[in-house]
Amino acid sequence: QVQLVESGGGLVQPGGSLTLSCEASGFTFSDYAMTWYRQAPEKERETVATIRPPTESTDYRDSVKGRFTISRDNAQTTVYLQMNSLKPEDTAVYYCNARGPYWSLDRMDYWGKGTLVTVSP
C-alpha cells in the first residue's frame, strides 16, 4: 500500500522558517522523482521544487529560489522541504508527489494529503 505522509506545516511569521517532511512507503522510493506542490486558496496547484533520481538534480520555481531547499534521504524514504525567509504569499497547502520509476516509460503518480503552511504576522 502506497503512502505519502506530509508533516511540519503550521503557522509562522513572515521571515521565519519551516521544514516540511514527506515520509513514503509502499514503493521503491529511490527510483521516484519527488516533488513538492502547493495550492493557495482559490488558486491552481503549482510546483514548488523537484528532486530527481539517480543524480538528485533539483528544480525550483522562480519565486522560491534561494529560499527553499529540497532534499531526500533514501534510507529513511523521506523528502524534505526547508523553507526560509517565508512570505505571506507562501501560504498554501503543500503536497508531496512521487512519480516514477524514473527508468520506466509507464510512470505512476502518488500523492499525499497535504500539510497547511500559513505565513502571517
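The values are calculated or read from the model by the stated rules, or taken from the named source; none is laboratory data. Keep in mind it's a predicted model, so treat the numbers as computed, not measured. FYI the Cβ positions are ideal-geometry reconstructions off the backbone, even for glycines, and counts take in every protein chain you see. Side chains are part of the model used for accessible areas, which takes the heavy atoms of the whole protein and leaves out ligands, DNA and RNA. Shrake-Rupley method; radii C 1.70, N 1.55, O 1.52, S 1.80 Å.
Take the Cα atoms of region 23-78, find their three principal axes, and give me the spread along each one in whole Å, biggest first.
34, 24, 14
Give the relative contact order (percent, whole number) for the chain; include only Cα pairs under 8 Å separated by 6+ residues.
After rounding, I find 36 percent.
Can you pull the percent of the chain's accessible area that's carbon plus sulfur, 1.4 Å probe, other chains left in place?
After summing per-atom areas, the C and S share lands at 46 percent.
Are there any chymotrypsin sites (Phe, Trp or Tyr not before Pro) in region 13-121 that are in a DSSP loop and have at most 15 other Cβ atoms within 10 Å? List them by number.
Details: sites: 27, 29, 32, 36, 37, 60, 68, 80, 94, 95, 102, 103, 110, 111; in loops: 27, 32, 102, 103.
Passing sites in region 13-121 are 102, 103.
Just to confirm my numbers, what's the Cα centroid distance between region 72-94 and region 5-60 in Å?
If we compute the Cα centre of each part, the gap is 5 Å.
Using a cut-off of 17 Å between alpha-carbon atoms, which lysines can reach residue 65, once sequence neighbours fewer than 8 places away in the same chain are excluded?
Straight-line reach from residue 65, under 17 Å: 87.
Cut-off under 17 Å on the C-alpha distance; same-chain residues fewer than 8 positions from residue 43 excluded. Which aspartates and glutamates are left, in chain and number order?
89, 90
How large is ³J(HN,Hα), in whole Hz, for each residue of region 5-17 in order, when computed from phi with the Karplus curve 6.51 cos²θ - 1.76 cosθ + 1.60 and θ = phi - 60°, using x for Gly and Pro?
With coefficients 6.51, -1.76 and 1.60, one gets 10, 8, 7, x, x, x, 9, 9, 7, x, x, x, 10 Hz.
In whole Hz, what ³J(HN,Hα) sequence does region 52-60 give by Karplus (6.51, -1.76, 1.60; θ = phi - 60°), x for Gly and Pro?
My calculation for region 52-60 gives 10, x, x, 8, 6, 5, 10, 9, 9 Hz in order.
Please pull out the direction-averaged projected area of the chain, using the convex hull of its alpha-carbon atoms, in nm² to one decimal place.
7.3
Leaving out ligands and nucleic acids, note down the accessible area per residue over the chain with a 1.4 angstrom probe, in whole Å².
55
Longest segment of the chain with no trypsin sites (Lys or Arg not before Pro) in a DSSP loop having at most 16 other Cβ atoms within 10 Å?
Within the chain, the longest run free of exposed trypsin sites (Lys or Arg not before Pro) spans 1-42.
What ³J(HN,Hα) values, in whole Hz, does the Karplus curve 6.51 cos²θ - 1.76 cosθ + 1.60 give for region 68-79 when θ = phi - 60°, with x put for Gly and Pro?
After applying 6.51 cos²θ - 1.76 cosθ + 1.60, I find 10, 9, 9, 8, 9, 10, 5, 5, 9, 6, 9, 10 Hz.
For the chain, with only Lys/Arg (+1) and Asp/Glu (-1) charged at the beta-carbon, what is the dipole magnitude about the Cα centre, in debye rounded to 20? Mind showing how you got there, number by number?
On the way: 12 positive and 14 negative charges, 30 e Å.
It works out to roughly 140 debye.
What is the gain in length, in nm to one decimal, between residue 116 and residue 25 on full extension, counting 0.36 nm per residue of separation less the C-alpha to C-alpha distance?
Values: separation 91, 0.36 × 91 = 32.76 nm, distance 2.14 nm.
The span from residue 116 to residue 25 would gain 30.6 nm if fully extended.
Quick one: which residues, 5 or more positions from residue 68 or on another chain, have an amide H under 5 Å from its amide H? H modelled 1.01 Å from N in the peptide plane, none for Pro or chain starts.
Counting only residues 5 or more places away or on other chains, the set is 84.
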